[in-house]
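The values are calculated or read from the model by the stated rules, or taken from the named source; none is laboratory data. Model, not experiment: these values are computed from the prediction. Backbone-built Cβ (ideal geometry, glycine too); neighbour counts: all protein chains shown. Accessible surface is based on the protein model in full, side chains and every heavy atom, while ligands, DNA and RNA are left aside. Shrake-Rupley method; radii C 1.70, N 1.55, O 1.52, S 1.80 Å.
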Amino acid sequence: WRRQLEEPIVSKIQQIDLNNNLEGQFVFSTKSGIYVIDRQGNDLAGFPLKLQTNATNAVTVIDFFNSHDYQFFIACENGHIYGFDENGSPVEGWRPKTDVGLVRLPLFHFQSSGKDFMVVLDSIGRMQVFQKNGELRFPEKKLEGIFLQAPDFQENKYNARMVACDDKGKVFVF
């Protein structure tokens with residue numbers, strides 16, 4: 001099948017399984033919306049989600065409990081991050097999360113020691129780490145530089161750390 005969208009896709013296309021039936025759906029975003037489509041190219045009920053203001057980053061899909069209960073997070077030009085559940089309804093704590101800044105990189109999510117970490121790095125190098133309820137996990141960090149990719153996470157039996165690298169090759173480790 002083929003489908004013409006009104007604007008380009010700005011995220012990677014991710015496969016999910018909302019119904020836990022191995023059929024799968026596809027999630028992606030454009031600057032004005034979040035799409036969830038079935039294998040035939042049809043929109044799922046409630047999608048696409050039209051954003052109030054243009055997105056500045058790609059949609060991040062999170063299944064917090066590995067239960068096929070997905071949530072979608074996206075940053076917009078107004079400096080807010082919006083969170084939506086699989087029905088397109090706003091997520092508590094992310095309705096929206098205001099004053100986050102201009103975020104161009106995808107929100108990065110990881111779990112460690114039974115806790116969720118949602119990492120956001122804005123265009124001026126302010127790194128904020130949130131819990132899944134939208135509350136700060138710890139105070140924000142100010143990094144100097146321009147970042148071309150989202151921070152990452154590394155964990156082994158001795159330690160856990162977040163790492164970000166700027167465009168000059170300077171590495172920040174937390």
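Is it true that some residue in the range 110-121 is under 22 Å from residue 11 (Cα atoms) and not in a strand (DSSP E or B)? Scanning the range 110-121, I find no residue that is under 22 Å from residue 11 (Cα atoms) and not in a strand (DSSP E or B), so the answer is no.
Pairs meeting the criteria (first residue in the range 86-111 and closer than 17 Å to residue 136 by Cα, second residue buried (at least 20 other Cβ atoms within 10 Å of the Cβ) and of a type in the set (D, E, K, R), beta carbons under 6 Å, at least 6 apart or on different chains) are 101/122; 103/122.
Looking across the range 139-174, the residues that are open to solvent by 60 Å² or more (accessible area, probe 1.4 Å), assigned to a strand (DSSP E or B), of a type outside the set (Lys, Arg) and under 25 Å from residue 65 (Cα atoms) come down to 152, 154, 155. The set of residues in the range 92-138 being over 18 Å from residue 82 (Cβ atoms) and open to solvent by 80 Å² or more (accessible area, probe 1.4 Å) consists of 111, 113, 114, 115, 124.
Of the residues 54, 42, 20, 66, only one is open to solvent by 30 Å² or more (accessible area, probe 1.4 Å) and in contact with a strand residue (DSSP E or B) (Cβ under 7 Å, 6 or more places away or on another chain); which? First the steps, then the outcome.
Details: 42 fails: in contact with a strand residue (DSSP E or B) (Cβ under 7 Å, 6 or more places away or on another chain); 20 fails: in contact with a strand residue (DSSP E or B) (Cβ under 7 Å, 6 or more places away or on another chain); 66 fails: in contact with a strand residue (DSSP E or B) (Cβ under 7 Å, 6 or more places away or on another chain).
Exactly one of 54, 42, 20, 66 is open to solvent by 30 Å² or more (accessible area, probe 1.4 Å) and in contact with a strand residue (DSSP E or B) (Cβ under 7 Å, 6 or more places away or on another chain), namely 54.
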